[in-house]
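Readers should treat all values here as calculations from the given coordinates under stated rules, not as data from a laboratory. All values reported here derive from a predicted model rather than from experimental measurement. Because the Cβ atoms are built from the backbone with ideal geometry, glycine has one as well, and the counts that use them run over all protein chains shown.
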């Protein structure tokens, strides 16, 4: 990688990892999950749309309004909402780890639906590792708290939504520039979440810390991060760019422990390693130290999952 690409890679991982911190801070003030999702996606749309306009293909979206709205619901609005509700009951660091299950769900979808694609034993090992990591975290790291268990399952469901949305994207919206699709789905998600946000407005003036976190979530964690990510896909390829998904959870843990005082136990470490390694094996069907042999279709899929 060039220095520019390395910097972009690090910033995307740092921004995506910080998203869970920003959500947690906003939730602990007066912002509701629907309001967080609305502001986050609206700000991202404002940042992404000028970049998407450069493609010169915005008019094509008119005939694809239905698929765009469906994709927005599956891959953005619903997962963002589930994560925000889930973080009301679990640590931000735990949420950042559990979201990394998306490649495991993608592998399972490929196995069930994409039967024309060959899968290997390492993919199954990755699924087992990933599920084991979730069981470890939700069974031990939550301390048996029922609300925390439900919150954790919400975040896992969000990662499933990412995987389903990515699969739908590859089959229903082929050929469109990725940045254009992301901009359109962010705008559609803002529209979908607006009614719920209007019904749950803050009852008091938010603190500057909460407002700053919400602005940072939309501008950096959702908007600018996607601009950098899709530039990485062009410059270093989708397979390498997708590796950012395995770095971002580390940032989420770092922020949660260092800035919010969240616990980091041996169980947390075990779950983090199991989920990240399991997701890597499921997405790439090779060990991290082996040479990359990912078919082009699977590499692109991995990049989409990382963007999720």
field: Rough spin-label spacing in nm, given labels placed 7 Å along Cα→Cβ, for residue 128 and residue 112
entry: 2.1
message: At 0.36 nm per residue, and after removing the present C-alpha to C-alpha distance, how many nm does the segment from residue 194 to residue 260 gain when stretched out fully?
response: 20.8 nm
task: Sort 246, 20 so that the residue with the fewest other Cβ atoms within 10 Å of its own Cβ comes first and the one with the most comes last.
output: 246, 20
The chain, Rg to Rh (Cα coordinates; Rh as Kirkwood inverse mean 1/r): 0.95
message: Which of 213, 55, 32 ends up with the largest GNM mean-square fluctuation for the chain, with Cα atoms connected below 10 Å?
response: 55
Sequence ranges 102-108, 224-230, 124-130, 264-270, ranked by mean other-Cβ count within 10 angstrom, highest first: 102-108, 224-230, 124-130, 264-270
- request: Give the peptides 233-245, 69-81 in descending order of average Cβ contacts within 10 Å, highest first.
  value: 69-81, 233-245
Helix-only CD estimate at 222 nm, as mean residue ellipticity for the chain, using -39500 (n - 2.57) per DSSP H run (n ≥ 4): -22500 deg cm²/dmol
message: If each residue of separation counts as 0.36 nm, what is the full-extension length gain between residue 30 and residue 286 once their alpha-carbon separation is subtracted?
response: 87.6 nm
- line: If the label point sits 7 Å along Cα→Cβ of residue 234, residues of region 137-178 with amide N under 19 Å come out as 175-178
message: At q = 0.16 Å⁻¹, what log₁₀ I(q)/I(0) does region 225-264 have when each alpha carbon counts as one equal point scatterer in the Debye sum?
response: -0.50
